[in-house]
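The structure appears right after this line, and notes come after that.
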Amino acid sequence: MDKPFAITLDPGSSLANKTGSWRTMRPVYVDRLPPCNAQCPAGEDIQGWLYHAESGDYETAWRQLVRDNPFPAIMGRVCYHTCESVCNRGKLDEPVGINSVERFLGDEAITRGWRFEPPAADSGKRVLVVGAGPSGMSAAYHLRRLGHRVTVYEAGPLMGGMMRFGIPQYRLPRDVLDAEMQRIVDLGAEVRLNSKVKRIEEMMAEFDAAFLAVGAHIGKRAFIPAKDGSRILDAVSVLRSMEGEEKPMLGRRVVVYGGGNTAIDVARTARRLGATEAIIVYRRTREKMPAHDFEVEEALQEGVMVKWLSTIKQQGADGDAGALTIEKMELDEKGFPQPTGEFETLEADSLVLALGQDVDLSLLDGVPGLELKDGVVQVDPATMMAGRAGLFAGGDMVPAERNVTVAVGHGKKAARHIDAWLRGTRYAPPPKHELASFERLNTWYYSDAPKTMRPQLDLARRTGSFDEVQGGLTEDNALFEARRCLSCGNCFECDNCYGVCPDNAVIKLGPGQRFQFNYDYCKGCGICVAECPCGAIEMVAEEV
Amino acid sequence: MNASIKFYQTGTFTVGNRLLSPEQRSVQASLERSNAINSGHRACQGCGEALGARYAVDAAMRAVNGQLIAANATGCLEVFSTPYPETSWQLPWIHSLFGNAAAVGTGIAAALKVKGRQDVRVIAQGGDGGTTDIGFGCLSGMFERNDDVLYLCYDNEAYMNTGVQRSSATPHAARTNTTMPVGPEPGAPFGQGKKLPLIAMAHEIPYVATATVADLHDLENKVERAMSMHGARYLHVLVPCPLGWGADSADTIKLARLARETGIFPVLEAERGEVTAVSKIRRRIPVEEYLRLQKRFAHLFGKPGHPEMVAAIQAEADRNICRFKLLDKTEAV
Ligand SMILES: Cc1cc2nc3c(=O)[nH]c(=O)nc-3n(C[C@H](O)[C@H](O)[C@H](O)COP(=O)(O)OP(=O)(O)OC[C@H]3O[C@@H](n4cnc5c(N)ncnc54)[C@H](O)[C@@H]3O)c2cc1C
Ligand SMILES: Cc1ncc(C[n+]2csc(CCOP(=O)(O)OP(=O)(O)O)c2C)c(N)n1
Ligand code: SF4
Ligand SMILES: [Mg+2]
């Protein structure tokens with residue numbers, strides 16, 4: 001025996017003692033659904049792309065983003081970003097500026113010339129897309145990526161739909177729109193401009209499936225008794241003519257009737273065209289206005305005026321072609337506007353109606369099995385397929401909220417179901433993870449960091465030009481903003497579990513590989529679950 | 001990248017951070033940490049002492065390139081880690097008596113000096129009982145002679161290893177098996193006990209600090225600072241004990257955090273008897289939130305309860321906040 005004095009046994013390691021057998025509950029790693037992702041109408045993996053942006057890897061972030069939405073630069077300007085209103089960080093200080101980071105990524109991609117990865121192998125299937133708006137182009141993009149041949153028929157002279165012929169340039173510069181549209185053409189989608197589809201049924205024979213996204217372009221009218229010579233225009237036509245050679249003649253005093261975002265856009269456009277007064281007449285109050293408040297605010301800053309609680313009864317009273325008779329309204333208990341019998345007169349060189357849009361459904365004549373209701377096409381909300389087999393539809397022409405993001409989401413969803421339909425299968429979306437609610441987070445671990453504001457163009461330049469109002473973030477700011485993300489419900493490799501386990505029962509697998517439990521030694525104390533900042537570990541009962 | 005950017009990944013409170021350079025990350029985040037106490041030890045689920053000791057010793061190991069010897073007093077830490085012939089320790093480790101770890105540390109340091117081994121450093125460690133009570137004489141001697149030892153006290157606020165008896169570090173009103181919650185003044189009596197960090201400071205030794213298992217970065221920095229110095233150094237670490245405190249095993253770190261955020265356990269640093277830094281309270285909370293999570297204080301709540309004792313504990317926390325300036329200037333005390 002060559003052991004030291006009084007020693008008879010070798011020292012053994014405690015590793016022989018498998019303390020995991022004490023456990024009644026076991027921790028398991030989970031991924032939970034961040035509220036932003038759950039909210040996004042285009043189904044973006046927001047937390048996922050922010051994760052890459054956080055490390056300054058903007059290209060990977062952009063690639064992660066465009067898996068769901070090919071238009072980051074557009075979204076970063078026109079998306080109403082409801083993700084931010086549900087962002088968990090909002091309960092700590094302020095929501096993450098998701099929209100501004102998205103714009104930064106989109107702009108980076110344009111500056112650096114990033115292109116989409118080439119499509120999957122050719123499927124040999126041909127799909128028709130009608131309408132080169134956000135919904136149609138989103139579908140074209142996703143179908144191309146899946147390897148289908150896509151032909152887009154577009155009635156107008158340029159791509160973009162309402163994003164070009166509705167949304168004004170000061171909110172969406174056309175070079176940005178062009179760049180993101182062209183990238184889809186570069187992916188191999190064939191786009192035929194100035195090609196209106198008159199009868200869809202006649203074209204179905206040439207294609208294996210079709211996706212319709214013709215939007216809603218017919219301005220709604222209101223009956224207003226008017227004298228000859230009075231100028232009544234509709235908002236969509238005014239905005240559309242902004243894209244042509246001849247700018248609309250609106251005069252110096254412009255009255256806009258309506259309370260949606262379109263009304264705001266027309267009034268702001270009128271100011272830029274030189275109107276000294278642009279007055280919105282709206283039946284209800286500011287709180288009830290369908291337009292987003294930030295847009296109302298920007299319009300007011302630019303000198304747009306609003307007559308709340310007012311309707312237009314008549315144009316051309318007392319032989320004066322420019323006189324509008326306005327009736328004051330008041331809200332009843334239910335919040336509906338009621339006439340008061342009080343009148344006033346408003347002088348206007350032109351009256352623009354911004355009362356919403358209807359869908360031109362004439363191309364659907366003769367299609368069997370279709371259901372039309374409330375002026376829109378009914379589709380199966382799970383698949384976007386209309387009553388006729390192989391015919392899918394989305395965007396403004398189907399029952400849903402009307403905005404770009406919803407339209408893009410419809411395009412993606414339809415593409416996946418068209419793909420499955422062409423293969424004779426059904427697309428089953430992956431099961432949704434449980435929501436990463438605020439209560440699941442351990443917010444102690446996040447330091448305080450207020451939101452970064454985007455710069456805005458000077459007021460003087462705003463009303464005098466169509467330059468973009470909202471600026472972008474600098475790289476520093478974008479990085480800061482991305483890093484404010486709490487990574488709700490998804491491991492961001494903070495090493496907390498690895499550090500806090502009193503039994504060293506967490507195995508660190510290295511960068512990007514996350515962690516693993518060593519159940520030989522995990523006693524099931526639950527500290528890792530309690531101290532995980534983002535709620536990505538769960539305790540489950542051990543089977544006995 | 002802008003170094004002044006401060007938020008979760010870089011101004012982080014988490015153990016690690018994928019965006020920091022490796023040398024800026026905590027020892028515990030590293031794959032190379034020494035895991036001074038290996039898996040398979042027999043500490044209870046959620047043991048704060050096992051955690052605190054690994055945090056501290058791993059940091060010391062990194063600070064001295066693994067050239068470290070530990071003396072360890074009798075107590076849970078020794079018993080759960082080393083039931084002969086098994087041990088969890090992955091460094092030279094000597095079990096002393098319950099009351100003489102400081103003296104054994106002194107002896108090892110003296111022997112190394114004689115052998116001319118300046119590269120090998122010494123720590124001595126023990127529980128609050130072994131430190132504040134029975135080991136106090138040896139410890140005070142080690143301080144007074146300025147022996148080259150870092151003494152680590154893992155304070156779980158009672159004699160846990162022998163079944164939860166009161167020590168002089170047991171908080172007022174807490175139930176232990178020797179301070180039962182009966183009579184007009186249930187639990188550990190007010191007006192007794194001692195604050196060892198302050199007594200250590202009174203020896204004017206090079207370095208005294210307190211820390212908790214809730215703030216790893218702070219704890220590691222303090223160990224590193226201590227190991228960069230020579231002479232007698234003392235680090236007092238609050239380590240919640242789920243069993244002895246009657247707390248949920250998952251709440252160990254949370255309790256340590258609350259102890260700091262209430263002001264009950266001031267986290268500070270002192271050199272040669274002068275306080276040099278304190279950890280400010282980030283989100284101040286009343287002591288009740290801390291006490292309610294622990295069954296050892298259960299008799300303070302419910303009917304009839306002892307609101308006057310809760311108020312007295314709050315007053316102790318408030319006194320700490322004033323005395324050690326635990327709040328930022330902007331916040332009123
Ligand atoms: C003034 C205004 C401002 C808006 N601002 C915003 C905003 O800031 N954010 C937001 O999210 N949403 C906004 N919207 C709503 C948004 O523009 C629409 O919801 C969205 O564009 C709908 O997309 P879509 O693809 O369904 O249709 P559209 O964008 O309308 O595109 C349909 C396309 O189909 C073409 N087409 C029509 N019929 C045929 C046919 N028979 N054959 C071939 N082609 C045809 C059209 O020419 C058009 O290009 C705004 C709308 C307006 C009017
Ligand atoms: C001289 C002597 N008295 C009593 C004991 C019994 N004993 C062993 S550990 C212990 C209590 C340890 O308490 P503490 O130092 O606080 O460490 P903990 O177990 O709480 O970590 C006691 C009383 C002993 N080992 N030696
Ligand atoms: S903090 Fe990040 S993951 Fe959580 S909701 Fe906000 S953006 Fe999404
Ligand atoms: Mg103790």
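The values are calculated or read from the model by the stated rules, or taken from the named source; none is laboratory data. These numbers were taken from a predicted model, which means no experiment stands behind them. Counting neighbours? That spans all protein chains shown, and the Cβs are built from the backbone with ideal geometry, glycine included. Note: areas computed on protein heavy atoms with side chains; ligands, DNA, RNA excluded. Shrake-Rupley method; radii C 1.70, N 1.55, O 1.52, S 1.80 Å.
Quick notes on this one:
- The residues of segment B:37-58 that are in contact with a Lys or Arg (Cβ under 6 Å, 6 or more places away or on another chain) and surrounded by fewer than 24 Cβ atoms within 10 Å (Cβ to Cβ) amount to a single one, B:Q45.
- Selection from segment A:140-161 of residues that are within 15 Å of ligand 1 (Cβ to nearest atom) and out of contact with any Lys or Arg (no Cβ under 9 Å at 6 or more places or on another chain): A:A140, A:P157, A:M159, A:G161
- Scanning segment A:84-108 for residues that are in a loop (DSSP other than H, G, I, E, B) and of a type in the set (G, A, S) yields one hit, A:G97.
- For segment B:204-229, the tally of residues that are farther than 24 Å from B:C47 by Cα, assigned to a loop (DSSP other than H, G, I, E, B) and touching a Pro at 6+ places or on another chain (Cβ under 8 Å) stands at 1.
- If you go through segment A:502-516 and keep only what is more than 8 Å from chain B (Cβ to nearest Cβ) and either open to solvent by 20 Å² or more (accessible area, probe 1.4 Å) or in contact with a Leu (Cβ under 8 Å, 6 or more places away or on another chain) (or both), you end up with A:I507, A:L509, A:G512, A:Q513, A:R514, A:F515, A:Q516.
- Selection count, segment B:124-139, where residues are farther than 20 Å from B:T170 by Cα and open to solvent by 10 Å² or more (accessible area, probe 1.4 Å): 1
- The residues of segment A:82-91 that are within 16 Å of ligand 1 (Cβ to nearest atom) and either surrounded by fewer than 21 Cβ atoms within 10 Å (Cβ to Cβ) or of a type in the set (G, A, S) (or both), listed by number, are A:T82, A:S85.
- Failed item in (1) within 11 Å of ligand 1 (Cβ to nearest atom); (2) farther than 27 Å from A:A460 by Cα; (3) open to solvent by 60 Å² or more (accessible area, probe 1.4 Å), with A:R240 passing the rest: (2)
- If the condition is being among the acidic types (D, E), open to solvent by 20 Å² or more (accessible area, probe 1.4 Å) and in a helix (DSSP H, G or I), then segment B:242-262 contributes only B:D251.
- Flag if A:G341 is over 32 Å from the mean Cα position of the chain (by Cα), more than 15 Å from A:R231 (Cα to Cα) and of a type in the set (G, A, S): yes
- If the condition is being assigned to a loop (DSSP other than H, G, I, E, B) and open to solvent by 20 Å² or more (accessible area, probe 1.4 Å), then segment A:261-305 contributes A:L273, A:G274, A:T276, A:R283, A:R284, A:T285, A:R286, A:E287, A:K288, A:P290, A:H292, A:G303.
- Given (1) in a loop (DSSP other than H, G, I, E, B); (2) within 24 Å of A:A386 (Cβ to Cβ), number of the condition A:M204 does not satisfy: (1)
- Wholly within segment A:17-72, helices (runs of 4 or more DSSP H) carrying at least 1 residues that are more than 10 Å from ligand 3 (Cβ to nearest atom) and crowded, with 18+ Cβ neighbours inside 10 Å: A:46-54, A:58-66
- Criterion (in a strand (DSSP E or B) and under 15 Å from B:V239 (Cβ atoms)) met by exactly one of B:G130, B:G126: B:G126
- Among the residues of segment B:144-171, those identified as surrounded by fewer than 18 Cβ atoms within 10 Å (Cβ to Cβ) and in a loop (DSSP other than H, G, I, E, B) are B:R145, B:N146, B:T162, B:G163, B:S168.
- Of the residues making up segment B:59-112, those that are near ligand 2 (Cβ under 10 Å from one of its atoms) and either buried (at least 24 other Cβ atoms within 10 Å of the Cβ) or part of a helix (DSSP H, G or I) (or both) are B:A73, B:G75, B:C76, B:L77, B:E78, B:V79, B:F80, B:A101.
Residue-wise test of (1) of a type in the set (F, W, Y); (2) within 20 Å of the chain's Cα centre (by Cα).
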residue	(1), (2)
B:H95	no, yes
B:V104	no, no
B:Q118	no, no
B:G126	no, yes
B:G135	no, yes
B:F143	yes, yes
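- A:G464 being in contact (Cβ under 8 Å) with a residue 60 or more places away in the chain and either out of contact with any Asp or Glu (no Cβ under 6 Å at 6 or more places or on another chain) or over 18 Å from A:R77 (Cβ atoms) (or both): yes
- Residue in segment B:304-311 that is surrounded by 14 or more Cβ atoms within 10 Å (Cβ to Cβ) and part of a loop (DSSP other than H, G, I, E, B) present: yes
- Taking the conditions (1) in a loop (DSSP other than H, G, I, E, B); (2) surrounded by fewer than 24 Cβ atoms within 10 Å (Cβ to Cβ) in turn, B:M201 satisfies each one other than (1).
- Among the residues making up segment A:330-355, a single one is buried (at least 20 other Cβ atoms within 10 Å of the Cβ) and in contact with a Ser or Thr (Cβ under 6 Å, 6 or more places away or on another chain): A:A354.
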